[in-house]
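Report on the following structure.
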Amino acid sequence: MLKTIRKYLVTGLIIWIPLVITFLVVRFLIRFVDQILLLLPPAWRPEALLGFSIPGLGLVLALGILLVSGLLAANFAGRRLVEIGDKIVTRIPLVNSIYFGAKQVAETLFSDSSTAFKRVLLVEYPRKGIWSMCFQTSDATGEVQHRTAEDVICVFLPTTPNPTSGFLLFVPRQELVPLEMRVDEGLRMIISLGVAVPRWTSPEAARASLAQPPERL
């Protein structure tokens, strides 16, 4: 009887825990983005116009601002304004390094031709025989590449269960093993401490791979 009750309790937890966590995260994100409404004059806010607030309206406003900004920056006049703004920021100490560092990261992450966080790899870390999951961030390593004898790739090795911290490694290309899983699947596996293992749709290839060395980059 106790085992049956325990089984039903565990089943109920498995159903409700993801739903509650998803609800809390989505509610937090909506409330956080809704803070952008504070940029509007008090008389233009939904509370003043309608008498009540509309959850998620801040997200709509943020998307509109991004869309309009992109449209303006895509034409000649918009590009000139961006260039003038960059020149102004360049003359401000400390602010310029933060701004251009963030700009370079954004351009790298959202560029269609970028390789940043588009591949999941395995690397032998922290020692030979122990494998860790990492993400390719760049293959253009500049001076680092020039001063090493190897053809290296820049990878980010996240910590578990918090993938926002980790280590930046420059690993020889031939020492990295590419995986077929998507980046979001890799992140999910890291956050779940390896519990959420992505389904691999090629078991025949898995059996065949046991008889041959792993594929290299």
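The values are calculated or read from the model by the stated rules, or taken from the named source; none is laboratory data. All of these numbers come straight from a predicted model, not from anything done at the bench. All Cβ positions, glycine included, derive from the backbone under ideal geometry; neighbour counts span all protein chains shown.
Data table
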{"read-out": "Qualifying positions in the stretch 64-87 - surrounded by 11 or more Cβ atoms within 10 Å (Cβ to Cβ) and either among the aliphatic types (A, V, I, L, M) or modelled with pLDDT of 85 or more (or both)", "value": "ILE65, LEU72, ALA73, LEU81, VAL82"}
{"read-out": "Helices (runs of 4 or more DSSP H) wholly inside the stretch 15-106 containing at least 2 residues that are within 30 Å of SER192 (Cβ to Cβ) and aliphatic (A, V, I, L, M)", "value": "57-74"}
{"read-out": "Residues of the stretch 29-68 that turn out to be of a type in the set (Gly, Ala, Ser) and touching a Lys or Arg at 6+ places or on another chain (Cβ under 7 Å), as a count", "value": "0"}
{"read-out": "Single residue of the stretch 139-158 satisfying the filter (in a loop (DSSP other than H, G, I, E, B) and aliphatic (A, V, I, L, M)) that is farthest from ILE190 (Cα to Cα)", "value": "ALA149"}
{"read-out": "Matching residues, the stretch 162-200, being closer than 22 Å to GLY142 by Cα and of a type in the set (Gly, Ala, Ser)", "value": "GLY166"}
{"read-out": "Residue pairs meeting the criteria (Cβ under 7 Å; at least 6 apart or on separate chains; first at pLDDT 65 or above, in the stretch 103-123; second in a helix (DSSP H, G or I))", "value": "ALA116/THR108; ALA116/LEU109; PHE117/LEU109; PHE117/VAL183; LYS118/VAL183; VAL120/VAL183; VAL120/GLY186; VAL123/GLU175"}
